[in-house]
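The values are calculated or read from the model by the stated rules, or taken from the named source; none is laboratory data. Please read all numbers here as calculations on a predicted model, not as lab measurements. When we count neighbours, we look across all protein chains shown, and the Cβ atoms used for this are built from the backbone with ideal geometry, even at glycine. The protein model used for the area step is the full one, side chains on, heavy atoms only, and it has no ligands, DNA or RNA in it. Shrake-Rupley method; radii C 1.70, N 1.55, O 1.52, S 1.80 Å.
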Amino acid sequence: MQDIEVFDNFFTEDIREEIHNLLLGSKWGPDGGNSVNWFWHMDDLEKDEYFNTYLFQIICKKLNRFFEIKRIYANGQTAGQCGNPHVDGDCGITLLYYPNPEWRINYQGHLIFSENGEDPTHIIGYKPNRAVLFPANIVHYADAPHRFYTGMRISLAYKLWEVLNENE
């Protein structure tokens, strides 16, 4: 799937650590996913200047693109909490960022895409300091962390609309 872009070492290590610490210290609620298949969620980060200005400016500069923010939130998954296949209808582009300090392949928790909405067709491994940018209309979900992983798999989500550079 050529529309999916993966960026490793997206932020500096200091910023990655700061994001992770801020999200760990925040309030999580069990309101992600749906009532049958829920996971941890933190909403309204677009109201926080650190996320909506400081990080957002770095994101735009790093991607060399201009965006309008629709939403910023975080999802957290512990062992057995699998995401639900969905599209992001409230935006045009989604940027997911992974702030965990370490991750091993046997922890699982991969990002899974489905071109036809039925079968997994593309898998992006969860990796610390990785960002994944993709069109919001692609069906996707996060696989659950393995039961032996005792932490929380965190993803920071930016729901965006791309805007043209006013100088073009």
When the chain is fully extended, how far beyond the present Cα-Cα distance does Tyr50 get from Lys27, taking 0.36 nm per residue of separation?
-> 6.7 nm
So what is the orientation-averaged projected area of the range 69-125, using the convex hull of its C-alpha atoms, in nm²?
-> 5.0
May I ask for the Kirkwood hydrodynamic radius of the range 1-56, worked out over all distinct Cα pairs and given in angstroms to one decimal?
-> 13.6
Can you pull the one-decimal nm distance between simple spin-label points at Asn37 and Val6, each 7 Å off the Cα toward Cβ?
-> 2.3
Specify whether the C-alpha gyration tensor of the range 110-155 places it in the rounded, prolate or oblate class, a ≥ b ≥ c being the square roots of the eigenvalues: rounded for a/c under 1.5, otherwise prolate if a/b is larger than b/c and oblate if not.
-> oblate
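If you take the alpha carbon radius of gyration of the chain and divide it by 2.2 N^0.38 Å, what ratio comes out, to two decimals? Write out the running numbers ahead of the final one.
Values: Rg = 15.2 Å, N = 168, 2.2 N^0.38 = 15.4 Å.
The chain yields a ratio of 0.98.
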In whole µm²/s, the translational diffusion coefficient that Stokes-Einstein assigns to the range 63-160, given a Kirkwood hydrodynamic radius over C-alpha pairs, 10 °C and 1.306 mPa s, equals 115
Take every Cα pair under 8 Å in the range 1-125 that's 6+ residues apart, average their separations, divide by the length, and report that relative contact order as a whole percent.
-> 23
Provide the per residue accessible area, probe 1.4 Å, for the chain, rounded to a whole number of square angstrom.
-> 54
With a cut-off of at most 16 other beta carbons within 10 Å, and DSSP calling the residue loop, which trypsin sites (Lys or Arg not before Pro) in the range 100-159 qualify? Please list them.
-> Arg104, Arg147
Ranking by accessible area, most exposed first, for Met152, Met42 with a 1.4 Å probe = Met152, Met42
Using a 1.4 Å probe over the heavy atoms of the protein chains, calculate the carbon and sulfur portion of the accessible area of the range 20-168 as a whole percent.
-> 50
Could you calculate the contour length gain from Arg65 to Glu13, that is, 0.36 nm times the residue separation minus the distance between their Cα atoms, to one decimal place in nm?
-> 16.5 nm
